[in-house]
Amino acid sequence: MTLADKLNAGETVLTAWSTLAAPAVVELLARADFEAVTLDMQHGAHSVDSVHDGILAIAAAGKPAIVRIPVGRNDMVSRALDFSADAIIAPMINSVEDARAFAAHAKYLPVGQRSWGPARALSMRGIQKGQDYLSSANDKTVAFAMIETRAALASLDEILAVPGIDGVFVGPSDFSISWTNGAAVDPHHEEMTEAIADIGRRARAAGKHAGVFVFDAPRTQSYVKMGFNLLSVIHDGAYLSLGMSTMLDQARNG
Ligand code: 3PY
Ligand code: MG
């Protein structure tokens with residue numbers, strides 16, 4: 001089952017978030033009990049090469065690979081899909097124009113203008129004929145537009161209506177900076193909780209997927225109740241830090 005199939009079937013997907021581009025770490029994340037792994041090129045250390053290798057490690061574990069591109073780097077959208085990524089998360093989609101430009105690189109005609117060259121995706125998916133990939137790729141790969149500013153919220157309905165945008169993904173930290181006009185970075189800022197819930201509800205009501213970056217694992221199920229169906233579970237740096245502090249505490253205090 002592809003990521004698109006899982007999300008369309010109503011499953012909730014918890015994704016590991018990979019910022020440390022070390023291949024062995026990506027492999028560990030892929031073998032853990034997450035439903036997907038996201039490779040982060042925006043704030044993480046992932047490069048074109050580590051995304052290329054990471055997608056293979058994730059696929060070897062039978063999991064879908066998601067790639068978050070850097071801001072405005074639409075060239076990486078089709079490139080990561082060519083490498084056989086299952087989904088793309090594009091940060092800072094603040095207007096309908098941003099959303100259209102992103103979708104244009106994520107989908108083939110007649111929806112967008114993705115350029116042809118998915119040799120890696122074909123070989124990894126065991127697809128013999130390019131025609132078969134062309135006919136299915138628009139539906140089987142998922143394009144998430146990040147909603148993380150007040151401007152994006154103001155344009156949410158228009159962004160959701162862009163053909164080729166399959167879902168939105170909330171970035172609560174940037175959203176808090178925008179919400180407070182630069183006064184605070186707080187992904188759990190009380191005053192924006194309702195706005196985030198509203199994004200989840202409106203996306204699902206529009207028949208689109210709703211993702212969110214979760215900074216505090218115990219809050220995950222409250223986001224699921226708001227309608228979010230793709231949720232990050234913090235990131236790999238935090239998994240290491242928590243593991244180290246827990247084990248050191250055990251080592252020192254029994
Ligand atoms: C945000 O919270 O702004 C994010 O982009 C999470 O990665
Ligand atoms: Mg962000």
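The values are calculated or read from the model by the stated rules, or taken from the named source; none is laboratory data. Quantities reported herein were computed from a predicted structural model and do not represent experimental measurements. In this analysis, Cβ positions are derived from the backbone assuming ideal geometry, glycine residues included, and neighbour counts consider all displayed protein chains. To get the accessible areas, we keep the full protein, side chains included, count just its heavy atoms, and leave off ligands, DNA and RNA. Shrake-Rupley method; radii C 1.70, N 1.55, O 1.52, S 1.80 Å.
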Practice task
Just one of (1) more than 16 Å from ligand 2 (Cβ to nearest atom); (2) under 19 Å from Val168 (Cβ atoms); (3) open to solvent by 20 Å² or more (accessible area, probe 1.4 Å) trips up Val25, so point out which.
Solution key: (2)
Practice task
Could you grab me the full set of residues in region 142-171 that are away from ligand 2 (no atom under 14 Å from the Cβ) and open to solvent by less than 30 Å² (accessible area, probe 1.4 Å)?
Solution key: Val142, Ala143, Ser155, Leu156, Ile159, Leu160, Val162, Gly164, Ile165, Gly167
Handout entry: Counted residues, region 46-67 - those being within 16 Å of ligand 2 (Cβ to nearest atom) and either in contact (Cβ under 8 Å) with a residue 60 or more places away in the chain or surrounded by fewer than 18 Cβ atoms within 10 Å (Cβ to Cβ) (or both)
Key = 1
Completion exercise
Here the residues within region 6-26 that are in contact (Cβ under 8 Å) with a residue 60 or more places away in the chain, closer than 23 Å to Asn229 by Cβ and in a helix (DSSP H, G or I) are Leu7
Practice task
Being touching a helix residue (DSSP H, G or I) at 6+ places or on another chain (Cβ under 7 Å) and open to solvent by less than 60 Å² (accessible area, probe 1.4 Å) narrows it down to one of Ala32, Ala16, so name that one.
Solution key: Ala16
Practice task
Check whether at least one residue in region 212-220 is among the polar types (S, T, N, Q) and either open to solvent by 30 Å² or more (accessible area, probe 1.4 Å) or in contact with a Lys or Arg (Cβ under 8 Å, 6 or more places away or on another chain) (or both), and report yes or no.
Solution key: no
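Residues are listed down the side, and each one gets a yes or a no for (1) in contact with a helix residue (DSSP H, G or I) (Cβ under 9 Å, 6 or more places away or on another chain); (2) touching a residue at least 12 places away in the same chain (Cβ under 8 Å); (3) among the β-branched types (Val, Ile, Thr):
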position: Ile165; (1), (2), (3): yes, yes, yes
position: Val168; (1), (2), (3): yes, yes, yes
position: Asp174; (1), (2), (3): no, yes, no
position: Ala203; (1), (2), (3): yes, yes, no
position: Ala206; (1), (2), (3): yes, yes, no
Exercise for the section: Evaluate region 126-140: report whether one residue or more is farther than 23 Å from Asn8 by Cβ and either touching a helix residue (DSSP H, G or I) at 6+ places or on another chain (Cβ under 6 Å) or within 16 Å of ligand 2 (Cβ to nearest atom) (or both). Expected result: no
Problem - Residue in region 145-152 that is under 26 Å from Thr12 (Cα atoms), of a type in the set (Ser, Thr, Tyr), within 18 Å of the chain's Cα centre (by Cα) and assigned to a helix (DSSP H, G or I) present - result: no
Exercise for the section: Please report, ordered by residue number, the helices (runs of 4 or more DSSP H) entirely within region 27-107 with at least 2 residues that are of a type in the set (Val, Ile, Thr) and away from ligand 1 (no atom under 16 Å from the Cβ). Expected result: 48-60
Problem - Flag for Thr2 being within 25 Å of Gly207 (Cα to Cα), touching a residue at least 60 places away in the same chain (Cβ under 8 Å), in contact with a Pro (Cβ under 9 Å, 6 or more places away or on another chain) and surrounded by fewer than 21 Cβ atoms within 10 Å (Cβ to Cβ) - result: yes
Problem - Test: residue in region 226-240 that is in contact with a Gly (Cβ under 6 Å, 6 or more places away or on another chain), within 22 Å of Asp40 (Cβ to Cβ) and in contact (Cβ under 8 Å) with a residue 24 or more places away in the chain - result: yes
